[in-house]
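Okay, so here's the structure we're looking at.
Derivation of every value follows stated rules applied to the coordinates shown; laboratory data play no part. What you are looking at is a predicted structure, and each value in this text was computed from that prediction instead of being measured. Reconstructed Cβ throughout: ideal geometry from the backbone, glycine too, with neighbour counts over all protein chains shown.
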Amino acid sequence: MYFPILKGKQNELIALRELSEIIDAQYIKPVVEPVRENISPLKRTIKQLADNGIIPLVVINPSLGDYAGGEDLISQFLQEEEGAYLPCVKIKSPQDSAAIGLFQSFRGRAAAYIESSVDRAMVDVINESVYTLVNPVRVSSAAFAQLRNKVVYGDFFKKEVKNSDYAEDSLFSGLHTEYREFDNVVGFGDFTILSEDYSESGGPAYVVAVHLSYINREEYDAMHVRHFSSYDDRTPTNPGGKFMDALNKLVQYVTVNPNKFTRTTGLGEFFTLHASRHYPGLGHVKKISIKHHIETTCHYIQGH
């Protein structure tokens, strides 16, 4: 099963709501860390996912965005949604006693999201979890072997400082082909075409880049990302024109390579924007790329 890890920003939540109508619940279980104090969009997303049989994991002790202080518990605001989501406790380290205590209070009815390493005492506690999200490169192999109900994840999108720095093509991950090789693993996750590092917004876009994921059949089904970048006029002006330049390159490349990309609704949205010559804003563009990535991944595991 695929556990895409998303921040609870507007376009990420919209992407999940739109995907809930088209992806079978048996292939996906999103993980959402709220970043906005206004949680009405999160509530709406939880409800729509649940209506389609998808039970998301929601980080109830978020520490990003509006919750940078790390002292708010989201669960107290989600009482009406109880049962429609699985509480997920983010644990920064074995010394994060507050988070570990919070996790223990659920008595085995929560997921654990491990950000770094674990020690013996922590393993004993979090092995009561429904799911344990863990990055295998951040824990010792001995500790990793002791964990149960594992969801292995990694930060695979190589975010560049400037959009002009993206190569045409880059390796994303092979985790979707390898996760079953681990013992006691029930799924895998990534941060889609976003980075694990959180930022409120980027700087001015001198270059607009559109990211499109695909399964590279010649590379043993590894996931790659194709980057379509606009012209660079050394100014942040005309983002709409730059988006259309990048989109022209995307449509031309996909048309010439029709079997390379999974025909997702996200990819269809890019073609629709191209036909209408419409620029919806960079946040919306990112939403479409997220949708395409998640659809591509779920389509792959559905066939395997």
Please determine whether any residue of the range 54-63 is closer than 24 Å to Ser117 by Cβ and small (Gly, Ala, Ser).
yes
Reported set for the range 41-88 where residues are farther than 24 Å from Tyr2 by Cα and among the polar types (S, T, N, Q) is Gln76, Gln79
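Given the range 109-181, what strands (runs of 3 or more DSSP E) lie entirely inside it while holding 3 or more residues that are more than 30 Å from Glu82 (Cα to Cα) and in contact with a His (Cβ under 7 Å, 6 or more places away or on another chain)?
Values: elements: 111-114, 132-134, 150-153, 169-173.
Where strands (runs of 3 or more DSSP E) fall fully within the range 109-181 and carry at least 3 residues being more than 30 Å from Glu82 (Cα to Cα) and in contact with a His (Cβ under 7 Å, 6 or more places away or on another chain), they are 169-173.
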Determine whether the range 158-178 contains at least one residue that is surrounded by 14 or more Cβ atoms within 10 Å (Cβ to Cβ), hydrophobic (A, V, I, L, M, F, W, C) and under 30 Å from Tyr214 (Cβ atoms).
yes
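Kindly indicate the residue of the range 252-304 that is in a loop (DSSP other than H, G, I, E, B) and among the charged types (D, E, K, R) and also nearest to the chain's Cα centre (by Cα) among those meeting that condition. Steps first, answer last, please.
First, pick out the residues of the range 252-304 that are in a loop (DSSP other than H, G, I, E, B): 257-264, 277-281, 303-304.
Remaining after also requiring among the charged types (D, E, K, R): 260, 263, 277.
Numbers: Lys260: 22, Arg263: 20, Arg277: 28 Å.
Once the filter is applied, the top-ranked residue is Arg263.
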